[in-house]
Amino acid sequence: MMVLLRMFLLTAAVSLMGCLSAQTVSATKRIRIPSNARIVIEQPPDAMDNDEPYKGSGQKLANQLKGALLSHFASVEIGSGGNADWVIKPSILNWDDRETEWSGKPDRIRVALQVYHGRQTVGASIIEAKSSYWTLGGDHPEELLAKPFAEFAQSVAR
């Protein structure tokens, strides 16, 4: 009986390890933005897969980033940089929305964030994330951004 219980627990632990996703945030240099700053996020164009766009992916990314930044800054909007003191320009480098539950291929996303103060580039970050190879379905690349965007927002907050 104990052998069966140990085998069950080991199998469960190995299965749950497959549920974990991986995220990384790398920055070129550490920057700080004042908490009272007005931040504008420029919406990136939708990601492309061959010649087909992932419709709404640029808006989804901008909304995720805005949500993370609003935890630390009072004024965050999506739009044109125009007269804003701080502008963040995201670029979607990779957006793979796979049928992971059937194929075993993970969703992947890679995003570059350029940070401008006035017209000068003051920092850049690359955010990469991938889902587990095993899911119960319904995962999407933008859902992988919550944790790394929260880390990014925390890192730039004064």
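Quick notes on this one:
- Subset tally (residues that are in contact (Cβ under 8 Å) with a residue 12 or more places away in the chain and part of a loop (DSSP other than H, G, I, E, B)) for region 36-70: 9
- Cβ-Cβ contacts under 8 Å between residues 6 or more apart (or on different chains), taken from a first residue in region 105-128 that is closer than 14 Å to Ser91 by Cβ to a second residue that is among the acidic types (Asp, Glu) and assigned to a strand (DSSP E or B), are listed as Ile109/Asp96; Ile109/Glu128; Arg110/Glu128; Val111/Glu128.
- Against the list (1) assigned to a loop (DSSP other than H, G, I, E, B); (2) modelled with pLDDT under 90, the condition Ile127 fails is (1).
The values are calculated or read from the model by the stated rules, or taken from the named source; none is laboratory data. Everything numeric in this text was worked out from a predicted model, so none of it was measured. Ideal geometry is used to build each Cβ from the backbone, glycine not excepted, and the neighbour counts take in all protein chains shown.
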